[in-house]
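Where a number appears in this text, it was derived from the coordinates with a stated rule and is not lab data. Bear in mind that the values here come from a model prediction, so they are computed numbers and not experimental data. Cβ placement follows ideal geometry from the backbone for every residue including glycine, while neighbour counts extend to all protein chains displayed.
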């Protein structure tokens, strides 16, 4: 099992946990939680692959991703109070998810022959669009419009990965460094409530 | 005309009626109702085919589906007060729609060579995603988060169909039995206000 | 550079401006505005191409569209107060966008061999779906449900284009005439607050 594949299954698992935990309010039955976990985990990669015309979709071609989603939802169910008690848990799992998925999305897009600018967008989409679709379905304000730096952290990490490709470092190291940058930016932004400047001056 | 094809056109017709009736509130002009009828009827199959990379989309390759939608919207328009007066009409048309579409979606997915787990999900998506997209567009809480068992009924029917495939019964009989199970589960759930256990214990 | 290509880049630029200006309320950081500009400009064509199975997507195959989006967002940023001060600016840019995109969408669909009915729908989708996706993401009532004639103007223009194809006029002239009809219908509808008859009689 390659590092990339491990990260992909782990990212799916983390995202499914964060997606299932999100339903604590109005949408709270077993199916609803499983569905939001599923959508959060596979939505971004699905949109990326559809936009790139890359078939079969990852989770359709490899059943392990569906199992990773179900394992994540089950974990969220079994440790519900524990996980939710930790106020920062959701942010942590979500941050792990977006960090891994951004870089994996960039790599996937590059392997399909698109330009770096497009690959950066696809990396960000892979990371955030599952959560955006989940938020749209549950009538929440999509994560990408929330104040703390979120999608922008993914974009910055994606660009770092693309820049480092030009240097003599291993792919695995690049994967780790660029993911770590996204985690750091996001966690620092949450901690210190950092946000981007407004569009209206 | 095969039984499958009749069911597909009928499901489209029923869904278009239910979709057009839904706009009784704020979104009520002729175009809005036609659009919600259209989206409700073709949204699920469209999403399924895009996810499976199956082209052309059903309604693009066969113009009869567009006519079935328009016939449904026209029926809803002509018999508006009559249909809406029957409080349960919407539920009935919608239930017919999801029952047919689930099994047809499973069959379509299987014919494209995916695993049974994926086919079950695709069957459910075929049935519910048109309504989900409609609800998202009209700012309603998506059907799949409403209390009475809905998407879960589709999943159960899809699984029954997949199980019965291993037995020596005709495809048409299987189609009828599995669709009927979905109808029964859904109507009983609505009648007795049955819902799944909550995710939070 | 053909007239069609100029119109396509111009439409993308106009739509990006209108999409970025829309975020003046709650969703107002630099990333949010860029994202809504991007989605507004490329959402409709993306949905059309995905539905028609036409790859690569326009903006993925030709990087100039991404630059047109960024130019539009930058223009909206630099001339924000000026553009917003002109109360009618948003409507104007949006109208230019939908007019061009409708006809270009019809042409693209026809070139992929679909029937005229489907091409008309695809033209309308190209024009309105970027705005619809933007509105869904920002929790607004989608443009297609607003009172003044909007999507219907696109449909009418698309049908005129399809009809004129049977007459001996040049493609460029047809493009201009049909786009102009959409602009006129839309601007007259906004000016005189015209709307379609309701679905409920």
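Structure above, values below:
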| read-out | value |
| --- | --- |
| Residues C:126, B:2, sorted so that the one with the fewest Cβ neighbours within 10 Å comes first | B:2, C:126 |
| For the range B:40-124, alpha-carbon Rg over 2.2 N^0.38 Å | 1.25 |
| For the range B:1-73 and the range C:165-194, distance of Cα centres in Å | 29 |
| Principal semi-axes in Å for chain A [√(5λ), Cα gyration tensor, largest first] | 25, 21, 16 |
| Sorted by Cβ density within 10 Å, fewest first, the residues A:188, A:73 | A:188, A:73 |
| Normalised convex hull volume, the protein assembly as shown, alpha-carbon set, Å³ per residue | 155 |
| Burial ordering of B:133, B:169, fewest other beta-carbon atoms within 10 Å first | B:169, B:133 |
| Fraction in percent of alpha-carbon pairs per bin - 5 Å, the range C:96-201 | 2, 14, 22, 22, 19, 12, 7, 2, 0, 0 |
| Theoretical ellipticity at 222 nm over chain B - DSSP helices of four or more residues, -39500 (n - 2.57) apiece, nearest 500 | -24500 deg cm²/dmol |
| Relative contact order %, the range A:3-191, counting alpha carbon pairs below 8 Å whose residues are six or more apart | 24 |
| Diffusion coefficient, µm² s⁻¹, Stokes-Einstein with Kirkwood Rh over alpha-carbon pairs of the range B:41-87 at 4 °C and 1.567 mPa s | 106 |
| Highest-MSF residue in chain B out of B:178, B:99, B:170 [GNM, Cα springs under 10 Å] | B:170 |
| Contact order normalised by residue count of the range B:93-201, Cα under 8 Å, 6+ apart, percent | 31 |
